[in-house]
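Every number here is computed from the coordinates shown, using simple stated rules; none is lab data. This one's a predicted model, so the numbers in the text were calculated from it and none came from an experiment. Backbone-built Cβ (ideal geometry, glycine too); neighbour counts: all protein chains shown.
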């Protein structure tokens, strides 16, 4: 889906309003339209209604957590093909991240991350150079990325 000004639409599913606001500030200044959803239930409804170009999904949320939201999005034929960027604060090694996360996740952004790391993940998952390649991990210490 494309916004009214031709911008790509990003749904940010997060349980911290400050993270939604920060994501909106960063991405909208680079031509994206960001729709925030507070928590898993609201996020799932928004994704189904809007069919965004990409989803940013926090894993650690109360109620309907990120893994359940992920499973429901990927099991619905109308939303299964939407690129999904997992946002997590878990400090794990690259091997553990890749073993734990399904291959159909397009990218992982490790908190804390900077604006350029978030933009790099979105540009890669929305760009042709990423199609059918391994997931991207950004915002992580070198020992996780290598």
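Rounded, prolate or oblate, given the Cα gyration tensor of segment 1-78, with a/c below 1.5 counting as rounded? Oblate. Once the Cα-Cα distance is subtracted from the 0.36 nm per residue extended length, the residue 16 to residue 71 segment shows a gain of 17.7 nm. Highest mean packing comes first when the peptides 72-78, 19-25, 36-42 are listed by Cβ atoms within 10 Å, giving 36-42, 19-25, 72-78.
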